Amino acid sequence: MKIKKILINLVDLDGIGETQIQSIDNFFSNNTNTRIIRDLIDKLNIKNFSTQNNGGKFSNKKLMFTGGFKNMSRSEAKMIAENNGGKVLGSISKKLDFLIVGESSPTKRKIEQAKQLNITIILEKDWNKILDS
């Protein structure tokens, strides 16, 4: 089911934990809720939102973050990457250019996957140097 794939990727979002994911799963498991959502979608004119920033240090690069950062939240780090032309991804794939690893509790699974796919891993101290240059 499509919702299960989405739920798996939610764990990569800053501030989302297992409790929130379980609540979302419970909500969409209820037939009344999904019917109301479908009815609402039929009435709305939803357009994809995208920002275009072709300049900057991360122009046309795809980045992902793991772990906590000393000097900024992960949300701030993501915003900085996007404001510098980068696109932030939610999961490890061959499309990823950089995995940025914060010093506090990075996900070892993500680091291992990045190594297997030969993705450049940037430690927090090096991320800060890039931002300062």
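The values are calculated or read from the model by the stated rules, or taken from the named source; none is laboratory data. Small disclaimer: the values here were computed from a predicted structure and weren't measured. We place every Cβ from the backbone using ideal geometry, glycine too, and count neighbours over all the protein chains shown.
Taking the numbered list (1) surrounded by 13 or more Cβ atoms within 10 Å (Cβ to Cβ); (2) assigned to a loop (DSSP other than H, G, I, E, B) in turn, residue 95 passes all entries but (1). Against the criterion of being of a type in the set (Lys, Arg) and surrounded by fewer than 18 Cβ atoms within 10 Å (Cβ to Cβ), residue 108 qualifies. Taken over the range 86-133, the criterion of being modelled with pLDDT under 95 and at positive phi is satisfied by 105 alone.
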